[in-house]
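Since the structure comes first, as structure tokens, the remarks are kept for the end.
Throughout, read-outs are computed from the coordinates displayed, never taken from laboratory work. Bear in mind the structure is a predicted one, so any value in this text is a computation, not a measurement. Cβ placement follows ideal geometry from the backbone for every residue including glycine, while neighbour counts extend to all protein chains displayed.
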């Protein structure tokens with residue numbers, strides 16, 4: 001109380017209070033609040049606010065709005081957490097949403113598009129293997145990358161997209177193989193330019209790399225005399241070098257089908273033993289880089305699966321909080337929801353192109369595909 005008997009008031013910075021409130025809201029709400037005033041627009045456009053909003057989401061303070069991007073023609077995403085209450089096969093369509101993707105290149109709609117990777121709310125995809133685009137599906141901003149200095153011959157042997165935390169930069173990797181010679185090209189968002197790395201003697205890899213812990217990862221083969229014939233190869237985005245990871249948690253010399261992905265922020269490998277007594281298994285590396293931390297989280301025998309869901313190859317895409325698995329049924333071209341406790345399956349939605357474009361989980365963020373930080377307004 002003041003000397004004159006009046007109540008003393010504490011000085012508050014209105015900007016800080018508003019920033020704290022907005023940083024706890026979903027991205028879509030924050031984007032709408034840009035129109036409130038010039039000061040709110042400036043606050044939301046500040047790189048510090050973007051990082052705060054992203055950090056709060058990681059801490060669980062802001063609502064976790066992750067979605068599964070599974071199609072590019074047209075772009076479609078799935079609110080996979082909304083599937084927890086899926087009662088009927090038809091209900092899955094209500095969790096689905098078609099996304100707005102700006103057309104930036106000639107004959108865009110008629111050219112084949114595939115997802116290279118997703119990181120911190122940004123999606124990198126290629127168009128016919130020639131053009132690469134960074135896109136934030138939530139803010140709808142995008143950036144067409146300059147063409148690679150060396151041609152990729154409409155088919156890159158391997159690729160990947162991720163975040164280099166050491167340099168606060170987003171990078172795209174494209175590898176091509178011609179006559180047993182591997183060429184690697186890396187795009188850095190900060191400089192908006194490509195560079196060609198020295199020829200590497202990296203192991204034979206193909207497909208999309210999965211980003212985790214500052215590196216891209218591929219499932220690859222090693223020499224037979226090394227014991228296990230497969231391992232996980234990583235490419236450190238800060239060092240821009242390949243490193244060999246630890247072997248798989250199982251012996252893959254069985255003629256089965258194999259794959260890898262990222263689930264629950266862990267490296268994940270899965271295999272399917274082909275044959276009448278086929279078994280699907282999914283493993284997570286609970287502690288990054290530690291062989292002993294491989295943990296089998298799902299084991300599904302073909303004989304135990306209902307006849308109409310005896311999948312040719314169950315590709316895991318994400319695991320819900322309740323333990324249910326969203327996967328891809330290659331045979332029927334459906335996304336399916338599998339409950340390992342009840343051993344039940346439900347169709348979620350048709351994938352149309354059987355996920356040839358790839359499927360990745362992305363988070364709704366304010367990260368800009370142009371600068372890598374603040375939304376460009």
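Would you mind ranking 124, 300 by Cβ crowding within 10 Å, fewest neighbours first? If you can, show how the numbers build up before the last one.
Working: 124 27, 300 21.
Fewest to most other Cβ atoms nearby, the residues stand as 300, 124.
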Legend entry - Relative exposure of 367, 36, judged by other C-beta atoms within 10 Å (fewest first): 36, 367
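Viscosity 0.692 mPa s, temperature 37 °C: give me the Stokes-Einstein translational D for region 14-53 in µm²/s, with Rh taken as the Kirkwood radius over C-alpha pairs.
333
Semi-axes of the equivalent ellipsoid of region 110-192: what are they in whole Å, largest first, if each equals the square root of 5 times a C-alpha gyration tensor eigenvalue?
Equivalent ellipsoid of region 110-192: 21, 16, 10 Å, largest first.
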Legend entry - Sorted by Cβ neighbour density within 10 Å, fewest at the top, the residues 362, 112: 112, 362
